[in-house]
Amino acid sequence: MDADLTGRRFTRSEEWARRGERSDAWAATRGDILADDRFTRGYPRYVSRAKGAYLWDVDGNHYVDYILGYGPAILGHAHPEVTAAVTRELALGSCMSPLWSPRQVELTELLTSVIPGAEMAYLMKTGSDATSAAVRLARIHTGRSKVVRWGYNGWHDWTAPRPAGVPESTLADTLKFRYNDIGSLRAVFAEHPDSVACVIMMPFEVEAPEPGFLAAVRDLAHAHGALFVLDEMRSGFRMALGGAQEYFGVRPDLSTFSKAMANGFPISAVVGREDVMRGLGETHMSSTFYGNPAEMAAALTTVPILRDTDALATVWRLGEALQTGLAKLVAESGLPAEVVGYAPAPFLRFADGHEALKLSFYEETTRRGILLHPNHQWFLSAAHTDEDVEFTLDAIRESLGEVLDVR
Ligand SMILES: Cc1ncc(COP(=O)(O)O)c(C=O)c1O
């Protein structure tokens, strides 16, 4: 343990964070690790180990994890079959560009067999790779430059959530619309006729789409000569095997996947209509590491488990139990918050003006060994159990008692 000038002892987590702040430019930009907004109280900063539904911080504290690395660990952390498949593949060599491994064909065949809108697939590494590829392909296909988007679609210039470092000309090419507000999209098309290459959106975040909304977005895009792209990074292999497009029955021209596809290994895919995907032949979108087969082996193990077992049904069932129990606790306690989202990715939305209460609530839940993100959808895995959900609801009940004094 280290000590600051006032003699306060640092936890090992804090100690690592302080070391990072002096040496690591990424750590130096982040006062905290979990969220980029003031959320510093009680959350661990460095993790030593994650297994199944649990993780352990470097101070030895144990948590039931509902962040799951921002969603990928759908089968639970360090799933034995996935780890074994990756280890086997690594032993055969991990980087052979420009040659390909047969895993590439196996995985693209698998993806095109389970994703409704996938006539072809192209494998990349990150979600931002895939959404940027979709936008490039839409621009090639339509010969237009503007993009209309909704939700988080990655960090690259065209979609950067914060404008620092992004050229004005790039910012000017990306337009936005509002969720569940088809009029706002109509207004964008009216203002920018014949110049939009695609509408790209997450299918939902914490609001459910109003009936027909996603189809209306697609139809409006098509009516204006633009493509409809679904960013399925969070919904893919989680809402249903074939993602939100299967769950809601809406067929995009292109869609993008990563996260739960490989249970935490870095691989993504842009998939879609063959005539659009063939635009790949007209551009350069490649990376030294796109051909690495180990991550493909992870996906080739994860997707069949999701397809052939009740893993997704478990994720839904446990998410529903969590949502139902939480809604009851919220109603009984009078917490100014509502349970929102779908069962595989639920969330507790606090009413505006209760930031201090929210921070205290999450400090208490973290202290009690459950890791819930204060500002981002939570995630369930097939490794969570009924006992984990019960433990979580007990911890939430106690936390509410602490912060609302209603116990
Ligand atoms: C909906 C969505 N799109 C795109 C991305 C970007 O993916 P990545 O962080 O792998 O670049 C994310 C990441 O959280 C996401 O949630």
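Can you tell me, using C-alpha contacts under 8 Å and at least 6 residues apart, the relative contact order of the chain as a whole percent?
On the way: 740 pairs, mean separation 86.2, N = 407.
With pairs under 8 Å counted, the relative contact order is 21 percent.
Using the per-residue mean of other Cβ atoms lying within 10 Å as a proxy for protection, in what order, highest first, do the peptides 164-171, 302-309 fall?
In descending order of packing, they fall as 302-309, 164-171.
What is the sum of charges, Lys and Arg at +1 and Asp and Glu at -1, for the other residues whose Cβ falls under 12 Å from the Cβ of A260? Write down the numbers at each step before the final one.
Details: positive: R234, R238, K259; negative: E232.
Once all neighbours under 12 Å are counted, the net charge is +2.
Hey, how many Å between the Cα centroid of the stretch 387-407 and the Cα centroid of the stretch 131-163?
42 Å
Please give the peptides 362-373, 89-100 ranked by average Cβ packing (other Cβ atoms within 10 Å per residue), highest first, as a rough proxy for protection.
Values: 362-373: 20.9, 89-100: 11.9.
The peptides rank, most packed first, as 362-373, 89-100.
What value, in deg cm²/dmol to 500, does the helix sum -39500 (n - 2.57) over DSSP H runs of n ≥ 4 give at 222 nm once divided by the residues of the chain? The partial results should precede the final answer.
Values: 14 runs with 165 residues, N = 407.
Value at 222 nm, helices only: -12500 deg cm²/dmol.
With unit charges on the beta carbons (Lys and Arg positive, Asp and Glu negative) and the dipole taken about the Cα centre of the stretch 80-308, which residue among S195, T174, M239 sits farthest to the positive side?
T174
Just to be sure I understand: if I project the alpha-carbon convex hull of the stretch 80-308 onto a plane and average over all orientations, what area do I get in nm²? Each step should come with its number before you reach the end.
Details: hull surface 50.3 nm².
Over all viewing directions, the stretch 80-308 projects a mean Cα-hull area of 12.6 nm².
With a 10 Å radius around each residue's Cβ, average the other Cβ atoms per peptide and rank 245-258, 146-159, 46-59, highest first.
Numbers: 245-258: 23.9, 146-159: 19.9, 46-59: 17.6.
Per-residue Cβ counts within 10 Å, averaged per peptide and sorted highest first, yield 245-258, 146-159, 46-59.
Measure off, as a whole percent, the carbon and sulfur share of the 1.4 Å-probe accessible area of the chain, all protein chains present.
Carbon-and-sulfur percentage of accessible area, whole number: 52.
Residues with beta-carbon under 12 Å from that of T170, excluding T170: net charge, scoring Lys, Arg +1 and Asp, Glu -1? Don't skip to the end; give the middle numbers.
Numbers: positive: K146; negative: D157, E168, D173.
That works out to -2.
Measure up K259/K328; K51/K125; K328/K358 against 25 Å on the Cα-Cα distance and list the ones that go over.
On the way: K259/K328 31 Å; K51/K125 23 Å; K328/K358 18 Å.
Beyond 25 Å: K259/K328.
For the chain, what ratio Rg/Rh do Cα atoms give with a Kirkwood hydrodynamic radius? Working shown, then result.
Details: Rg = 22.0 Å, Rh = 22.6 Å.
Looking at the chain, the ratio lands at 0.97.
For the stretch 211-252, take every pair of Cα atoms, bin their distances at 10 Å starting from 0, and report each bin as a whole percent.
With a bin width of 10 Å, the distribution comes to 32, 49, 18, 1.
Among L92, S145, G279, whose Cα projects farthest towards the positive end of the dipole of the stretch 80-308, with charges put on the beta-carbon of Lys, Arg (+1) and Asp, Glu (-1)?
S145
Tally Lys/Arg at +1 and Asp/Glu at -1 over every other residue whose Cβ is under 12 Å from the Cβ of A240; what's the total?
Working: positive: R238, R307; negative: E232, E246.
Neighbourhood net charge equals 0.
Based on DSSP H assignment, which helices of the chain show an axial Cα extent of at least 24 Å together with a mean Kyte-Doolittle hydropathy greater than or equal to -1.0?
Details: long enough: 311-333 (33 Å, 0.59); 386-404 (26 Å, -0.11).
Those that pass (Cα extent of 24 Å or more, hydropathy at least -1.0) are 311-333, 386-404.
The values are calculated or read from the model by the stated rules, or taken from the named source; none is laboratory data. All values reported here derive from a predicted model rather than from experimental measurement. Positions of Cβ are generated from backbone atoms using ideal geometry, with glycine treated the same way; all protein chains shown enter the neighbour counts. Quick note on the areas: whole protein, heavy atoms, side chains included, nothing else; ligands and nucleic acids left out. Shrake-Rupley method; radii C 1.70, N 1.55, O 1.52, S 1.80 Å.
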